[in-house]
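Here is the structure we will look at, set down as structure tokens.
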Amino acid sequence: MEQTSISDNNRYPAYCYSASKNDAEFVNFKQNPIYRRILEHVPPQQGSVYLEKVLENKELHLSIQDWEYILRNDSIGNPDKAQYSIVDLKFECSPTTLRYMKVLSDISKLFPEDILRGGGYVKLV
């Protein structure tokens, strides 16, 4: 079978499956080198760039409660985190989470009337 993406390498899916079945492994799965090769490798400086882009988007209106909900993602798997701030709000966050938020921001620009808060970060209607 032809490899269709970098994650289509047997090691990554096998590791994800293994971590999902093993509580001790799951606690720190975002630190595993196999996982980090695919995800959780965004440097803190790039996270700052993503955060800037998210905050510039006037279509996306995120409250403090929205950010608190989103940042819960970083309570799973022990990702590396960095310090960031929005005005007076200082917080620790995985740069990868900010990359996901940048994707949400891009989607909200394309479909501003279709963005609703829902499961995950966003639900398109």
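The angle between the Cα long axis of helix 11-21 and the longest principal axis of the Cα atoms of the chain comes to about 80 degrees, rounded to the nearest 10. A helix-only calculation puts the chain at -13500 deg cm²/dmol for mean residue ellipticity at 222 nm, using -39500 (n - 2.57) for each DSSP H run of at least four residues, averaged over all residues.
Once R0 is set to 25 Å, what does the formula 1/(1 + (r/R0)^6) return for the Cβ-Cβ distance between A14 and D106, expressed as a FRET efficiency to the nearest 0.05?
Details: r = 31 Å, r/R0 = 1.24.
Working from the Cβ atoms, E equals 0.20.
Between the listed residues T96, Q83, A19, the Cα displaced farthest toward the positive end of the dipole of the chain, a dipole computed from Cβ unit charges relative to the Cα centre, is found at A19. Build a GNM of the chain with springs between Cα atoms under 10 Å apart, and of Q65, Q83, Q31 the one that fluctuates most is Q65. Applied to the stretch 62-68, the Karplus parametrisation 6.51 cos²θ - 1.76 cosθ + 1.60 on θ = phi - 60° returns per-residue 3J(HN,Hα) values of 9, 8, 4, 5, 4, 4, 4 Hz, with x for Gly and Pro. Of the residues I70, I107, I86, which exhibits the maximal mean-square fluctuation in a Gaussian network model of the chain defined by a 10 Å Cα contact cut-off? Per the Cα network of the chain with a 10 Å cutoff, I86 tops the list. Straight-distance candidates among the lysines for linking to K30, with alpha-carbon spacing under 26 Å and chain neighbours fewer than 8 residues away dropped: K21, K53, K81, K90, K102, K123.
Please work out the FRET efficiency for the pair D23 and K90, using the Cβ-Cβ distance as r and a Förster radius of 25 Å; give the result to the nearest 0.05.
After rounding to 0.05, the efficiency reads 0.20.
Under a 5 Å amide H cut-off, with hydrogens placed 1.01 Å from N, A82 pairs with C93, S94 among residues at least 5 apart or on other chains. Calculated FRET efficiency, I64 to S5, Cβ-Cβ distance, R0 = 41 Å: about 0.70 to the nearest 0.05.
To the nearest ten degrees, helix 44-56 and the longest principal axis of the Cα atoms of the chain are 40 degrees apart.
Each reported figure results from applying straightforward, stated rules to the coordinates on display, with no laboratory input. In this text the structure is predicted, and so the values were computed from the model without any measurement. All Cβ positions, even for glycine, are placed from backbone atoms using ideal geometry, and neighbour counts span all protein chains on display.
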